[in-house]
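A short worksheet on the structure shown next.
The values are calculated or read from the model by the stated rules, or taken from the named source; none is laboratory data. All values derive from a computational prediction rather than experimental measurement. All Cβ positions, even for glycine, are placed from backbone atoms using ideal geometry, and neighbour counts span all protein chains on display.
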Amino acid sequence: MIARLLRRLGAALGLRVDARPARPEAGDVLYAIGDIHGRADLLHALFRQIDEDQADRAGPAGVEIVLGDFIDRGPASRAVMDLILSRRALGRRVVVLKGNHEEMLLRFLKDPAALKGWRKIGGYPTLLSFGVSPPAFLDAATATACQHEFRAALGTAHLALLGGLDLSFSNGGYFFAHAGVAPARPLNRQRAADLISIRRPFLDHDESFGQVVVHGHTPCRAVEFRSNRINIDTGAYATGVLTCLVLDGDGHRLLQT
Ligand SMILES: [Mn+2]
């Protein structure tokens, strides 16, 4: 009754009002992990913290959500992928979302010309982590040779992981995406390009998106808690601080390296 009145009042004022606070679905505990960027050392430490957190509580295992940009820049992208895969092999529920960096890697696998753009955002350390030497001089021939070498170096499990990335995930009033959402579109009609790379007008938007958007992509000094979004990209690659946002029936907490 009150919820309906609030929604009607909100609609009259041109606002979307969430009368129902965000809360994970029946007993779920959500662990959202920010931009890892090749820091397997930090991810390893954070998974330990998640395990300790899980050990302290009864009930089903949590859902772990990797928010994308787990590769590039840092030195150990291959090890990051192996850690994620081993997590799944343990039977954990792990949702892995696509960031703009994974998008660039996938583009390079299809088109060697994409190496130029991927290099600019820190793709070379990812090649090196797979034992592939980036070209000393980049042209069409060396890019193609590098692409072939990289394809051969990627294991089937790595390819399956990269080919199976999700663009978004939703649970109990929380909406997870790497970069954010386009405010002008409903959550179920978002475009891939916005989900993986939007900054403005998403970051400036003060009104509700319909669900609380949990995202990374734009590094912040400390986790940003807003009424309509939570940014957990604490720039792990440069700061050494990798953040996990824990959402459960009691609210939210942070685990950090
Ligand atoms: Mn990003």
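General observations
For (1) buried (at least 18 other Cβ atoms within 10 Å of the Cβ); (2) within 16 Å of the ligand (Cβ to nearest atom), each residue gets a yes or a no:
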residue	(1), (2)
Ile65	yes, yes
Ser86	no, no
Val96	yes, yes
Asp111	no, no
Gly117	no, yes
Ile121	no, yes
Thr126	yes, yes
Ser129	yes, no
Ala141	no, no
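- Subset of the stretch 61-79 [in contact with a strand residue (DSSP E or B) (Cβ under 9 Å, 6 or more places away or on another chain) and not charged (D, E, K, R)]: Ala61, Gly62, Val63, Ile65, Val66, Leu67, Gly68, Phe70
- So Gln256, is it among the polar types (S, T, N, Q), surrounded by 15 or more Cβ atoms within 10 Å (Cβ to Cβ) and over 28 Å from Asp53 (Cβ atoms): no
- Among the residues of this structure, Gln211 counts as one that is touching an Asp or Glu at 6+ places or on another chain (Cβ under 9 Å), away from the ligand (no atom under 15 Å from the Cβ) and either under 17 Å from Asp69 (Cα atoms) or not charged (D, E, K, R) (or both).
- Scope the stretch 62-80; condition under 13 Å from the mean Cα position of the chain (by Cα) and in contact (Cβ under 8 Å) with a residue 60 or more places away in the chain; matching residues: Ile65, Leu67, Gly68, Asp69
- Unique match (being small (Gly, Ala, Ser), in contact with a Gly (Cβ under 7 Å, 6 or more places away or on another chain) and within 14 Å of Ile36 (Cα to Cα)) among Gly216, Gly235: Gly216
- The set of residues in the stretch 188-226 that are in contact (Cβ under 8 Å) with a residue 12 or more places away in the chain, in contact with a Lys or Arg (Cβ under 9 Å, 6 or more places away or on another chain), outside any strand (DSSP E or B) and not β-branched (Val, Ile, Thr) comprises Ala192, Asp194, Leu195, Phe202, Leu203, His205, Asp206, Glu207, Ser208, Phe209, Gly210, His217.
- Pick from the stretch 83-95, criterion in contact (Cβ under 8 Å) with a residue 24 or more places away in the chain and part of a helix (DSSP H, G or I), ranking: nearest to the chain's Cα centre (by Cα): Ile84
- Sole residue being modelled with pLDDT of 95 or more, in a loop (DSSP other than H, G, I, E, B) and closer than 25 Å to Ser129 by Cα, chosen from Phe47, Phe70: Phe70
- Residues in the stretch 181-194 that are surrounded by 12 or more Cβ atoms within 10 Å (Cβ to Cβ) and either in contact with a helix residue (DSSP H, G or I) (Cβ under 7 Å, 6 or more places away or on another chain) or of a type in the set (D, E, K, R) (or both): 5 in all.
- The residues on offer are Pro183, Pro219, Pro201, and the sole one that is over 19 Å from Asp166 (Cα atoms), modelled with pLDDT of 95 or more and within 14 Å of the ligand (Cβ to nearest atom) is Pro219.
- Among the residues making up the stretch 157-180, those that are part of a loop (DSSP other than H, G, I, E, B) and either within 16 Å of the ligand (Cβ to nearest atom) or surrounded by 13 or more Cβ atoms within 10 Å (Cβ to Cβ) (or both) are Leu165, Leu167, Gly172, Gly173, His178, Ala179, Gly180.
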